[in-house]
Amino acid sequence: MLWLHPKGTGHDVRPTPETAAHLLPRLLTFGLAVGLLSGFFGIGGGFLIVPGLVLATGMALQNAIGTSLLAVTAFGTATASSYAASGLVDWRLALFVIVGGVAGSLIGTRINARLALRRHALVVAFASVVITVGLYVAVSAFGQLVGPG
């Protein structure tokens, strides 16, 4: 996302009979991949679906963020329900994380609105967070593979 600069078309990106043959296979592929990763790793998927939407459709980043929230909610709910049904949820801890997440999302939405005025700043901020999280996960996984010295 830092080096590719798709044209942000914003709300003009819509599946229509004219665009369906081009958009639907890409969107279904990204959705399947994100859903698999979400279920396997227990992640929300927004870090993956936002770049997917931008790259597959040329959608503006802010629109991709908003659009991804609905998709993330759907498969996040499915994944969370599966983990809860398996007895793998600590409900008291989850409540604290949810309260913190709601407060953080309200603050984050305000920051997003300010950064959206400078499109490149929003892209750099988003890409930096994705890269940092990716590096952390990779280093942690590598450390577990290698084991304690």
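Rule-based calculations on the coordinates, nothing more; no lab input. None of the values given here were measured: they were computed from a predicted structure. In this analysis, Cβ positions are derived from the backbone assuming ideal geometry, glycine residues included, and neighbour counts consider all displayed protein chains.
Quick notes on this structure:
- Neighbour counts of C-beta atoms inside 10 Å place VAL130, VAL146, VAL13 in the sequence VAL146, VAL130, VAL13, starting with the fewest.
- For ALA60, distant residues with modelled amide H under 5 Å away: THR9, GLY10
- Span from the the stretch 106-149 Cα centroid across to the the stretch 57-81 one, whole angstrom: 17
- About its Cα centre, the chain has a charge dipole of approximately 380 debye under the convention of +1 per Lys or Arg Cβ and -1 per Asp or Glu Cβ, with nothing else charged.
- Here the contact order of the stretch 10-146, divided by its residue count and restricted to Cα pairs under 8 Å and six or more residues apart, works out to 19 percent.
- Geometric descriptor of the chain, per residue, is 149 Å³ (volume of the convex hull of the Cα atoms).
- On Cα atoms only, tilt of 46-57 relative to the major axis of the chain in degrees: 20
- Potential lengthening of the chain between SER81 and LEU93 amounts to 2.7 nm, from the contour at 0.36 nm per residue minus the alpha-carbon distance.
- Candidates ALA103, ALA80, ALA127: whichever shows maximal mean-square fluctuation once the chain is modelled as a Gaussian network with Cα springs under 10 Å: ALA103
- The order of THR57, THR16, THR79, going from fewest to most other C-beta atoms within 10 Å of their C-beta, is THR16, THR79, THR57.
- Ranked list, fewest to most other Cβ atoms within 10 Å of each Cβ, for LEU48, LEU61: LEU48, LEU61
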